[in-house]
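The values are calculated or read from the model by the stated rules, or taken from the named source; none is laboratory data. All values derive from a computational prediction rather than experimental measurement. Here Cβ is always computed from backbone atoms with ideal geometry, including for glycine, and neighbour counts include all displayed protein chains. In case anyone asks, the SASA skips ligands and DNA or RNA and just uses the protein heavy atoms, side chains included. Shrake-Rupley method; radii C 1.70, N 1.55, O 1.52, S 1.80 Å.
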Amino acid sequence: MTDRETQLENEKKEALAALDDIRTTEGLETWRIAHLGKSSPVMQAFSDLGKLPVEERPLVGRAANTVKQALESAYAVKSEQLRQAELERTLTRERIDVTLPGRAVQRGRLHPLNQTLREVCQIFRDMGFQIYRSPEVETDDFNFTYLNMPPYHPARDMWDTFYTDKDGVLLRTHTSPGQIHIMRERAPEHIRAILPGTTMRYEQLTARSEIEFIQVEVLVVGKGITFADMKGTLTDFAARAFGKDARTRLRPSYFPFTEPSAEMDVECFVCGGEGCNVCKGTGWLEILGCGMVHPTVLEYGGYDPQEFSGFAAGMGIDRSTLMRYRVDDIRHFRNNDIRFLEQF
Amino acid sequence: MKAPLSWIKDYIDLDDLNVEQIAHYLTMIGLEVEGIRLVGLPKPEAERHEFNYEGLSWDREKFVVAEVLEVLPHPNADRLVLCRLNDGIQELVILTGAPNLYPYKGQGPLAQTLKVAYAREGAMLYDGHQPGQVLTKLKRAVIRGVESFSMICSEKELGISDEHGGVIILDADAPVGTPLVDYMGDAVFDISILPNMVRDASMIGIARELAAVTRRELRLPEGIPLPQGDALSKRVSLEVRNPELNPRFMLGMVENVQAQPSPYWVQRRLNLAGMRPIDALVDATNYTMLETGEPLHAFDYELLCKRAGGNLPSIITRTAKQGEMLTLLDGTTQPLDESMEVVADSVGPLSLAGIMGGMDSGISAQTQHVLLEAASWNFINIRQTLSKLKIPSEAGWRFSRGVHPALAEQALRLCLLRMLAWGGGRLVEGVLDAYLLPPQDPVVTLTEEEIISRLGAEISLEEAANILTRLGFTCTLQNGQLTAKTPPIRLDIGEGLIGKASLMEEIARIYGYERIPSKRLAVELPAPVFDPNLETEERIRDILVSLGLQDTVAYRQTSPQREARILPNQALDPDLAYVRIKNPISPDRTVMRRSGLATMLELLEYNSKFRPSLALFEIGPVFLPVDGQLLPREALRLTVGMAGLREIPTWQTKTAEKRDFFDLKGLLEAFLRGLHLPEVSFQPAEHPTFHPGKCAQVLSGEQVLGVFGELHPMVQEHYEFEALPVLAAELDADLLVALSRVEFEHQPLSNYPAMVEDIAVIVPEEVSAAALEAAIHQAGGKLLVNVRLFDVYRGEKLGLGKKSMAYQLTYQAFDHTLTDKDAATIRNRIVRALEREFGAVLRSQ
Ligand SMILES: [Zn+2]
């Protein structure tokens, strides 16, 4: 082994030892200049090759090359180590408390009544029903007389009515006046429509009773429409609204504008029929009133009751929303308290 | 209507059915049972109870009929007595404080024992000394040195009524030792009576329905035979002046009666049915009314004689004279008018026909001779009178729904029977019966085809006839046609087609709605008709929700005062036409609203105490009276309201930024883009609600969509806003619907690169941003594809009354890459135009 070779071997040992102690990229760069730079011993060895005797040149050249490669690869390893370490430090430094609350985004929402109303409308649309609307301030004739309630008819008591200072003008107590409007527009075509809208009744404002509420009226008029059709249609609606296994029942009731009349109950979705506060221990929830359109109403609507028949149904959006979310006070809906609305 | 089961069972055999089953039958034929009160009977076993039960069940072992053999004084207390009592098993001595036993004290063994309801130790009953119904267990105790472990019960303790003034003295034939529940255990059905089923607001009516649906026999009670003879006509005369208003009027008479207590079973039934027992005479009229559905009225004959002053008393039914007054049994004095029917004598009105008797002629504890009225009245007339006078009246409730005149006779015969049985006395021979206008009971025909085509169920004519017969109709079947004559107990069956519908309901009801099949509509779908308003209204909601706004549903009813709050001076405009409510629910809801803004400001005010940042909207009609039109125009309004901070502050918020005019404007811009409204523009505007310098109107083309801005400081003062500022917009939603587009041409995309450059121009202050931008677009032409204002600067360097507006301009062509030269050409065009139009000076490039 020549002196040069020994020097190179020593240089390698020293350089590698020095590399071990380096902890920073700056230190590494200084090391690189010192041990792999132009004036480093290894590079110096290459440039000094010409000065060596010819026979030593290959030996020293090879030795210098070996040392250079060793240092270069050690450098690469160290450099990668430092980069990793640096990244580790950065990542640690950048660590955040992910349990801090996120930035507030204000989400818009539909009012719960409008949500329910939409669902009901959508179900009936799916069943081929059209949507029809009519005024909220109505005449006595449309609200009562044409619906088979001439003045002083006992059934007028079923609705506590807001009257206006104009004779014969009132706030509609139900969406049923729309039946006459749509019939007069469509006769003698047949009808398959729903009539949603706000209605008003003279009630005391309490947790259980409201003066304004949203109703949806259902109306089918045609030839050969039967009670069985009504039962099937409304059962279908209930299955779509309350789940396909929802049990329903029809029981007789009275509305002046239908005959026969019925009320539809659905098995209480809170207790499953066992009886609870919501269903008042009965296991049933009343969801809609319905019946075969009264001949007098058909006549007022411009249809010959000999030839045409139909059915109608009406349901309260407020009440069903109330039951669905177990709302304890119906006034929440129109108070629009943001703390209430934000829950939907 | 409260119907005790024991009473219904007088007319129909129901022993094999339990309370739950009977209630189910009732509900499913239209007599909805809203609740069941147990008065002794046990709650029935059932897999599932469909009714709400309350009340008390009497344990068979613990409650029995007993007899008091002797009443002894208590050694240490005056207000207590000791009763020697036989409970059927043994003799015991029982302590009681019942005042109604005092009279028997010290009489020695009673000649006729007193039958009582006896509760043994451990019985569960209601505490008689506590208000309401507090369940308690009978325990052994020592009271004033005497041991007590059982008791003789009052009605309150047994849950029959709230009477606790004494113990119950049962009728003398009560069997000693029998479990009390077997002797008089009961359940009361609380039945909701539908308006067309007033005939069933009676025990017989309910029994008839049950008999029809369960196919059982109905046992109608027999009254006395109609008394024949002319004795009555010599005691009183009768004249009916308006048969239209008074189709029938009957009088009967009992003399030498006594107003003594009714038998206990009668009192108990009346209590359970919700009426207070008074005495035999009053009880007889009430009992008969509950039994038959026909309200009756009893006159004190002697009082009528006195009024007649020696002449033959007369009964005249007529309309009242204007100005006549009548003091009724409830103590009120009512002014009568010519529309009201009264029962009068020669002196004046005696009673308000079909509604309430008068104070001066009714029976009392002193009455000896009773003149009994059973009549029928025109239900419309009764309703009119009721609605004028607003008197709560059981008789009025019934007559205003229509009571068949035939019931008068049945009720008269039954009531006379009760009076004789409970009050003693003697029947006066004969009745007076003015039946001047018998109703035509409708005869209705039906075919099987009609039934099937309306009900959709295969119900044979025979079955239909069977059902109707059970309901009392007289039916004949001939040539495939059913002819049914309406029984003289009801007035709800129509004629012709309406009658067919009525019968269809009767058949379906008793046949059972649950047995009618469910079918899907087989008729073809009607031609489509769309309600574009609704579709767009929903689209408006969706867009606003997507922009982060909360949807609300608002009351239509408000007051002019509430709406005037949106004006700086809150002045009420007396000429402002409102839909005014005649019977408002409260002083702050007297009209239908005209202003969506007023609604929105109230919503913001209410909610500003809960959230520092609010963004709400509401869609709904306002009601605008139109001259010469009966109904108002219902104009759909969209209102948007914002208040307070731009964002709800979080831990990251350094300085919470408040909203300003441009938050609302930005929202409206985004919203209107969503509706694809054509040519949207904004102009300064004036509106009393808004700050004069921060108010704008928004237009589509020439049409004004609405107005928005920041609240006028004076308006703001009228409200208690905790979040400020308040911004609001009110838009014409009908117009939005009409102008919104669902079809439009999209903007093509260019494949060539865009060039972006900034320019700033100095212009006089009064040049509006809109005018400037319009001019830039105009001059820039088609290649100028975007203009974005990114800075507005004012400063001394610019000089007073000047501002610098900095725009980022984007140029792009669809057919080639633009060069710097192209860009310079456009820019120069723009700058020259701005110089020319506004005296603008280019500030930098
Ligand atoms: Zn339930």
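Here are some notes:
- Residue B:204 meets all of the listed conditions (1) assigned by TED's automatic domain parsing to the domain that holds residue B:417; (2) closer than 30 Å to residue B:162 by Cα but one, namely (1).
- Checking each residue in segment B:703-724 for being closer than 27 Å to residue B:542 by Cα and modelled with pLDDT under 95 picks out B:723, B:724.
- Residues in segment A:197-214 that are more than 8 Å from every other protein chain (Cβ to nearest Cβ), within 12 Å of residue A:136 (Cα to Cα) and not aromatic (Phe, Trp, Tyr): A:197, A:199, A:201.
- Residue A:341, sole failed condition from (1) within 16 Å of the ligand (Cβ to nearest atom); (2) open to solvent by less than 20 Å² (accessible area, probe 1.4 Å): (1)
- Some residue of segment B:579-588 being surrounded by fewer than 20 Cβ atoms within 10 Å (Cβ to Cβ) and of a type in the set (Val, Ile, Thr): yes
- Residue match in segment B:709-719 (condition: in contact with an Asp or Glu (Cβ under 6 Å, 6 or more places away or on another chain), surrounded by fewer than 20 Cβ atoms within 10 Å (Cβ to Cβ), within 18 Å of residue B:667 (Cα to Cα) and not small (Gly, Ala, Ser)): no
- Matching residues, segment B:158-197, being within 14 Å of chain A (Cβ to nearest Cβ) and surrounded by 20 or more Cβ atoms within 10 Å (Cβ to Cβ): B:189, B:191, B:193, B:194, B:196, B:197
- Residue-level check: of (1) at pLDDT below 95; (2) among the hydroxyl-bearing types (Ser, Thr, Tyr); (3) open to solvent by less than 50 Å² (accessible area, probe 1.4 Å), residue B:445 misses just (1).
- Leading residue by the ranking (least open to solvent (accessible area, probe 1.4 Å)) among those in segment A:2-35 that are touching a residue at least 12 places away in the same chain (Cβ under 8 Å) and of a type in the set (Asp, Glu): A:11
- Residues (under 12 Å from residue B:169 (Cα atoms) and either in the same structural domain as residue B:174 (by TED's automatic domain parsing) or among the charged types (D, E, K, R) (or both)) located in segment B:261-276: B:268
- Checking each residue in segment A:249-269 for being within 11 Å of chain B (Cβ to nearest Cβ), open to solvent by 10 Å² or more (accessible area, probe 1.4 Å) and within 16 Å of the ligand (Cβ to nearest atom) picks out A:249, A:267.
- Selection of helices (runs of 4 or more DSSP H) fully inside segment A:271-341 by the criterion of at least 1 residues being under 30 Å from residue A:259 (Cβ atoms) returns A:295-300, A:317-324.
- No other residue among B:67, B:47, B:32 is in contact with a strand residue (DSSP E or B) (Cβ under 6 Å, 6 or more places away or on another chain), within 14 Å of another protein chain (Cβ to nearest Cβ) and open to solvent by 10 Å² or more (accessible area, probe 1.4 Å) apart from B:32.
- Top-ranked residue of segment A:273-331 - restricted to ones that are under 28 Å from residue B:453 (Cα atoms) and within 16 Å of the ligand (Cβ to nearest atom), ranked as surrounded by the most Cβ atoms within 10 Å (Cβ to Cβ): A:287
Residue-wise test of (1) at pLDDT 95 or above; (2) more than 20 Å from residue B:775 (Cα to Cα); (3) open to solvent by 40 Å² or more (accessible area, probe 1.4 Å).
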site: B:789; (1), (2), (3): yes, no, yes
site: B:795; (1), (2), (3): no, yes, no
site: B:799; (1), (2), (3): no, yes, no
site: B:802; (1), (2), (3): no, no, yes
site: B:810; (1), (2), (3): yes, no, no
site: B:820; (1), (2), (3): no, yes, yes
site: B:823; (1), (2), (3): no, no, no
site: B:844; (1), (2), (3): no, no, yes
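- Helices (runs of 4 or more DSSP H) lying entirely in segment B:484-564 (those with 1 or more residues that are in contact with a Gly (Cβ under 6 Å, 6 or more places away or on another chain), facing another protein chain (nearest Cβ under 8 Å) and more than 30 Å from residue B:410 (Cβ to Cβ)): B:532-546
- Subset tally (residues that are touching a Ser or Thr at 6+ places or on another chain (Cβ under 7 Å), touching a residue at least 60 places away in the same chain (Cβ under 8 Å) and within 19 Å of residue A:131 (Cα to Cα)) for segment A:146-195: 3
- Strands (runs of 3 or more DSSP E) contained in segment B:763-845 and holding at least 2 residues under 17 Å from residue B:750 (Cβ atoms): B:784-793, B:802-811
- Test: residue in segment A:233-248 that is hydrophobic (A, V, I, L, M, F, W, C) and facing another protein chain (nearest Cβ under 9 Å): yes
- Residues of segment A:51-68 classified as assigned to a loop (DSSP other than H, G, I, E, B) and either in contact with a Cys (Cβ under 8 Å, 6 or more places away or on another chain) or under 14 Å from residue A:7 (Cβ atoms) (or both), total: 1
- Some residue of segment B:629-651 being open to solvent by 80 Å² or more (accessible area, probe 1.4 Å), away from every other protein chain (no Cβ under 12 Å), part of a loop (DSSP other than H, G, I, E, B) and not acidic (Asp, Glu): no
- Pick from segment A:293-344, criterion more than 7 Å from chain B (Cβ to nearest Cβ) and small (Gly, Ala, Ser), ranking: farthest from residue A:106 (Cα to Cα): A:302
- Count of segment B:298-351 residues which are loosely packed, with under 15 Cβ neighbours inside 10 Å, polar (S, T, N, Q) and within 43 Å of the chain's Cα centre (by Cα): 5
- Strands (runs of 3 or more DSSP E) (entirely within segment B:286-362) containing at least 3 residues that are in contact (Cβ under 8 Å) with a residue 60 or more places away in the chain: B:296-300, B:314-319
- Just one of the listed residues (A:246, A:207, A:239) is within 26 Å of residue A:113 (Cβ to Cβ), in a helix (DSSP H, G or I), small (Gly, Ala, Ser) and open to solvent by 10 Å² or more (accessible area, probe 1.4 Å), namely A:239.
- Segment B:606-624: number of residues that are within 29 Å of the chain's Cα centre (by Cα) and either crowded, with 21+ Cβ neighbours inside 10 Å or at the interface with chain A (Cβ under 10 Å from one of its Cβ atoms) (or both): 7
- Checking each residue in segment B:676-708 for being outside any loop (DSSP other than H, G, I, E, B), buried (at least 20 other Cβ atoms within 10 Å of the Cβ) and either of a type outside the set (A, V, I, L, M, F, W, C) or touching a Pro at 6+ places or on another chain (Cβ under 9 Å) (or both) picks out B:695, B:696, B:706.
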